[in-house]
Every structure is written in C-alpha cells, then in structure tokens.
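Single-structure report; data block below.
The values are calculated or read from the model by the stated rules, or taken from the named source; none is laboratory data. These figures come from a predicted structure and were not determined experimentally. Don't worry about glycine lacking a Cβ; one is built from the backbone with ideal geometry, like all the others, and counts go over all protein chains shown. What goes into the accessible areas is simple: the full protein's heavy atoms, side chains included, and nothing from ligands, DNA or RNA. Shrake-Rupley method; radii C 1.70, N 1.55, O 1.52, S 1.80 Å.
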Amino acid sequence: MADEQWQVLTHSKLIGFAIGVTIFLFVLFKSEPGFVFLLDSANLLFHEAGHPFFGLISNRLAVYGGTLGQLTFPIALIISFWHKREPITFAASVIWFFENFLNIARYMADSRTLLLPLVGGGEHDWNEIFFRWTLLSNDTFIATLVKAIGWIGIGGTVGWLFWRGWQDRNRRSDPLPPTELEPRP
Ligand SMILES: [Zn+2]
C-alpha cells in the first residue's frame, strides 16, 4: 500500500483535528436535521451551480445536476489531498463529502411531502427523480439509507484518521532497525 507515504500526524495536528471534529459533530447534531447553516449554504451554492452546468451536457441531466454539483467540489478536494497524502485535509474533505449525504437525504425524504423551502424555480429535484424511476413511494426509505451512509462515512473517516495517528505513534516509537543494534566488532 501507498500508506507509508502519508504525512506523519503529529500530536498537535491530531489534537487540532479532534477539537475541530468535536465542534463540527456538535453543530451537526444541534442543527436542524440535515442543515448546518454555513456549510449547507455553501453546499446549496454548489447545488444551484450544478443544475445549469450538468444541464449543458443534457437537459434530462439538469435535475441531477444539483446533487452532483454539491458533491463535485468535495470530490475534487478529496482527489487533490489524496495526491498530497495530507491526512487531515483529506479526512476533512471526505467528511464534507459525507455531510452532503445528510443534506441530500433531507431533500429526498421530502419528495412526497414537499414541505422544504426551495430555491430556484420551485422544482423539487427528488420528487422529479424518484418519479422518473417510479421510486416515489420509497423516498423515506432511500433517504434513511443515504443518511446512514453519510453517518457511517463521517464516523469511518474520523476513525481512519485516529487510526493513522495511532500508526504514526507506533512508528515513532519503533525500536532501532536490527542492523544498528548489532554489536560492533
Ligand atoms: Zn436542485
């Protein structure tokens, strides 16, 4: 594995991440389900940009464009930080990616009740998408699944980062390689 190339996590970086992620999770739990004000306002911007962008490719794709749009930027960051093997920013991007799932699930769950306030024309993406796929009656089930994937993704990423921190700790406390322990003649 290319694991060895990941930048080493120092204690201060780990503590910084722990504080950041604790605050983030606290805000996530406290927020209205699936809507963290600042973060999801940014997500909404990318969402709205996604509609016309993917609409350029195909008219039928435009309705998916919002959801694809809000995932595009986190994916771009994930790829970028993966290449740099920078564990903290990589983990933060993956967490952002999966946080989007909670927001998308909230929208999905609204497909039949249509209670969410909508931006831009009032067309309900997931009502339209589930209608096309004749899945409208399964909207809340699919939403629950997507939400679960979101939470598992967030939890798994936090776990991965602390696991990396633990690996780095072990590596730092490794004994000297055997050749250096051999007695000199
Ligand atoms: Zn939309």
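Numerical summary
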| read-out | value |
| --- | --- |
| Qualifying residue in segment 114-136 (condition: away from the ligand (no atom under 13 Å from the Cβ) and either in contact with a Pro (Cβ under 6 Å, 6 or more places away or on another chain) or closer than 22 Å to Leu39 by Cβ (or both)) | yes |
| Close pairs (8 angstrom Cβ cut-off, 6 or more residues apart or separate chains): more than 11 Å from Asp125 (Cβ to Cβ) and in contact (Cβ under 8 Å) with a residue 60 or more places away in the chain in segment 46-59, part of a helix (DSSP H, G or I) and of a type in the set (A, V, I, L, M) anywhere | none |
| Any hit, segment 123-144, residues being over 28 Å from Gln5 (Cα atoms), at pLDDT below 95 and open to solvent by 90 Å² or more (accessible area, probe 1.4 Å) | yes |
| Evaluation of Trp160 against (1) touching a helix residue (DSSP H, G or I) at 6+ places or on another chain (Cβ under 9 Å); (2) open to solvent by 50 Å² or more (accessible area, probe 1.4 Å); (3) within 16 Å of the ligand (Cβ to nearest atom) (one fails), failing number | (3) |
| Candidates Pro52, Pro33, filtered to the one that is open to solvent by 20 Å² or more (accessible area, probe 1.4 Å) and away from the ligand (no atom under 16 Å from the Cβ) | Pro33 |
